[in-house]
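The values are calculated or read from the model by the stated rules, or taken from the named source; none is laboratory data. Predicted model only: the values in this text are computed from it and were never measured. Counting neighbours? That spans all protein chains shown, and the Cβs are built from the backbone with ideal geometry, glycine included. Calculation scope for accessible area: heavy atoms of the full protein, side chains included, ligands and nucleic acids excluded. Shrake-Rupley method; radii C 1.70, N 1.55, O 1.52, S 1.80 Å.
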Amino acid sequence: MTPEELEQRVRQIDAFIRVLTQECHILDERRHILSPLIQDPEIQAGLKAKLDKTPGANAWNHLAPLLGQDLVRDLSRLFLDNDPRSGSLANLWRKIHAAPGIKEHFRDLYGRMFDHLHDAPIGDLSPEMSAIFQEKFREQDRVRNYAQFDERWSKLEADMEALKTHPVVIKIKTMRDKHHAHLEMSKLDEEPRAFDISTIGLTFMELLDFSDECQAMVAELGLLLTGTNWDPKQFASVHEKNGKAMWRTLAGLK
């Protein structure tokens with residue numbers, strides 16, 4: 001790979017992880033719009049009291065399944081899509097490993113990310129002595145950062161490998177293939193009917209937990225590629241507050 005090709009691939013990967021990070025924030029907002037409908041008894045009771053015996057009750061019964069299916073689609077497209085044009089986590093991981101030098105480039109960036117902090121002369125030391133200590137402290141940071149990168153990367157590699165056989169991944173892909181992408185019907189010698197998605201055994205809680213798990217992986221990869229640290233739990237606390245506030249207002253709760 002030429003330096004120009006490496007630079008082009010690096011720019012692409014950098015753009016991919018930044019877009020994927022933004023998409024994760026949107027996904028998490030939607031995840032916390034859904035969760036109160038299935039996890040908060042007070043909100044459930046308040047909304048039920050408002051809608052029971054009204055024409056809106058039937059529409060209301062479709063809302064949680066609708067949001068749940070939308071979450072399935074988002075989880076599939078953001079984390080599992082193998083299409084080479086996709087900006088998914090799976091495809092981003094493939095691109096990083098598709099050519100030599102990519103990982104090493106980002107490892108070097110991560111190792112040297114504090115170099116600039118040691119550019120200023122140190123106190124009253126002579127320029128020569130100051131330069132010696134500056135380089136010493138710079139090298140200490142590099143050694144620590146390289147070790148941290150290697151440790152975090154090894155953990156991420158194990159997590160990405162485990163994703164291939166994750167039981168929720170298998171359920172999501174089955175639902176996508178048989179229910180979302182296609183209206184799959186029963187075999188010719190069976191009773192004519194649409195594929196029964198209940199046979200997958202996919203639950204709301206599995207989707208919510210899987211969403212949190214994958215966002216943590218994106219955050220970790222983003223840190224290693226760009227040096228940008230964002231904590232999904234901090235974003236989730238804000239999104240959870242907003243989601244609950246909306247439903248409590250609609251349910252007439254204080």
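Sorting 228, 21 on solvent-accessible area from highest to lowest, probe radius 1.4 Å, gives 228, 21. With both labels modelled 7 Å from their Cα along Cα-to-Cβ, the residue 228 to residue 143 distance reads 3.2 nm. Subtracting the Cα-Cα distance of residue 70 and residue 132 from their residue separation scaled by 0.36 nm leaves 16.6 nm.
3J(HN,Hα) along the stretch 85-95, derived from phi through the Karplus expression 6.51 cos²θ - 1.76 cosθ + 1.60 where θ = phi - 60°, amounts to 8, 7, x, 6, 4, 4, 6, 4, 4, 5, 5 Hz, with x in place of Gly and Pro.
The candidates 198, 76, arranged from most to least accessible area with a 1.4 Å probe in the full protein assembly, appear as 198, 76. Helical content of the chain, expressed as a calculated mean residue ellipticity at 222 nm, amounts to -23500 deg cm²/dmol (DSSP H runs of 4 or more residues, -39,500 (n - 2.57) each, divided by residue number, nearest 500). Taking 0.36 nm per residue of separation and subtracting the current Cα-Cα distance, fully stretching the chain between residue 156 and residue 187 would add 7.1 nm. The phi torsions of the stretch 69-76, fed into the Karplus equation with coefficients 6.51, -1.76 and 1.60 and a -60° offset, translate into couplings of 5, 5, 5, 4, 4, 5, 4, 5 Hz, rounded to whole numbers, with Gly and Pro shown as x. Given the choices [x] 19.0; [y] 17.9; [z] 20.7, mean projected area of the Cα convex hull in nm² derived from the coordinates of this structure is entry [z]. Considering only 99, 203, 154, the residue lying farthest towards the positive end of the dipole of the chain is 203, judged by Cα position with unit charges set on Cβ. The largest accessible area among 230, 60 belongs to the first residue in 60, 230, and the rest follow in falling order (1.4 Å probe, all chains).
Computed on the chain, with alpha-carbon pairs under 8 angstrom and 6+ residues apart, the relative contact order is 30 percent.
Per residue, the chain exposes 60 Å² of accessible surface when a 1.4 Å probe is rolled over the protein heavy atoms with every protein chain present.
The simple Förster model, with R0 at 25 Å and r as the Cβ-Cβ distance, assigns residue 58 and residue 25 a FRET efficiency of 0.15.
Each Lys and Arg adds +1 at its Cβ and each Asp and Glu adds -1 at its Cβ; summed about the Cα centre, the stretch 143-236 shows a dipole of about 180 debye. Evaluating 6.51 cos²θ - 1.76 cosθ + 1.60 at θ = phi - 60° for every residue in the stretch 131-146, the Karplus couplings come out as 5, 5, 5, 4, 5, 4, 5, 4, 5, 4, 5, 4, 4, 5, 5, 4 Hz, glycine and proline recorded as x.
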